[in-house]
Amino acid sequence: MTSERERLIVVDAANVVGSRPDGWWRDRPGAARRLLDKLTTLAPKLSEPVEIVVVLEGAARRAMDDAPPLGDLQVVLADHEGDDTIVDVVKTAAITDPDRPITVITADRALRDRIKAHGAEPEGPRWLWNHLDQ
């Protein structure tokens, strides 16, 4: 058994996709699909055990239509606001294991304040892209 707790990384997919002006707005499901594919490579690039949860909202939810297996990557489809869903994921994880480290990937300042209230740490999209682009 490892002495390290598994960090939960929650990804605000809309915010991360929107952080790079690569034409994502022309094909939101396609942009989300590309992010999901890249996220399947993240865990081995990190120096600690992680669980990765990605929240998709709006048109990006269609990225899961006929999606191939994504390994251990978990995808949550937001029924309404993605930010509310992210807060719910963080809140549930914090209640389940109050000592578990939780990181939320977003540049959204209001969301950062909301997740901090539940003990989560924010990181910006650049942190994630730096790891994914290795």
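The values are calculated or read from the model by the stated rules, or taken from the named source; none is laboratory data. Keep in mind that what you see is a predicted model, and the values were worked out from it rather than measured. Note that each Cβ is placed from the backbone with ideal geometry, even for glycine, and that neighbours are counted across all protein chains shown.
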Discussion item. Looking for something among the β-branched types (Val, Ile, Thr), in contact (Cβ under 8 Å) with a residue 40 or more places away in the chain, in a loop (DSSP other than H, G, I, E, B) and over 18 Å from residue 124 (Cβ atoms) - is there at least one such residue anywhere in the range 20-40?
Written reply: no
Discussion item. Scan the range 54-72 and tell me whether some residue there is touching a Gly at 6+ places or on another chain (Cβ under 8 Å), of a type in the set (A, V, I, L, M) and in a helix (DSSP H, G or I).
Written reply: yes
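Which ones in the range 43-62 are within 21 Å of residue 28 (Cα to Cα) and either in contact with an Asp or Glu (Cβ under 8 Å, 6 or more places away or on another chain) or not small (Gly, Ala, Ser) (or both)? Please lay out each step first, then the result.
Of all residues in the range 43-62, those within 21 Å of residue 28 (Cα to Cα) come to 52-62.
The answer is 52, 53, 54, 55, 56, 57, 61, 62.
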Practice prompt. Could you please find all residues in the range 14-32 being crowded, with 20+ Cβ neighbours inside 10 Å and within 13 Å of residue 132 (Cβ to Cβ)?
Written response: 16, 17
Item to complete: Could you grab me the full set of residues in the range 2-25 that are hydroxyl-bearing (Ser, Thr, Tyr) and at pLDDT 90 or above?
Response: 19
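Go through the range 39-73 residue by residue and tally those that are under 24 Å from residue 94 (Cβ atoms) and surrounded by fewer than 16 Cβ atoms within 10 Å (Cβ to Cβ).
Count: 5.
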Worksheet item: What are the residues in the range 1-19 that are under 14 Å from residue 123 (Cβ atoms) and assigned to a helix (DSSP H, G or I), if any?
Response: 15, 16
Practice prompt. Could you tell me which residue of the range 84-123 is surrounded by the fewest Cβ atoms within 10 Å (Cβ to Cβ), considering only residues that are touching a residue at least 40 places away in the same chain (Cβ under 8 Å) and farther than 16 Å from residue 53 by Cβ?
Written response: 99
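For the range 31-62, what are the residues that are over 22 Å from residue 108 (Cα atoms) and not hydroxyl-bearing (Ser, Thr, Tyr)? Steps first, please.
Let us first name the residues in the range 31-62 that are over 22 Å from residue 108 (Cα atoms), namely 37, 40-41, 43-50, 62.
The answer is 37, 43, 44, 45, 46, 48, 49, 50, 62.
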Discussion item. Tell me yes or no: at least one residue of the range 33-48 is farther than 13 Å from residue 132 by Cβ and among the aliphatic types (A, V, I, L, M).
Written reply: no
Worksheet entry | In the range 124-134, the residues that are more than 20 Å from residue 61 (Cα to Cα) and either surrounded by 13 or more Cβ atoms within 10 Å (Cβ to Cβ) or at pLDDT 95 or above (or both) | 124, 126, 127, 128, 129, 130, 131, 132
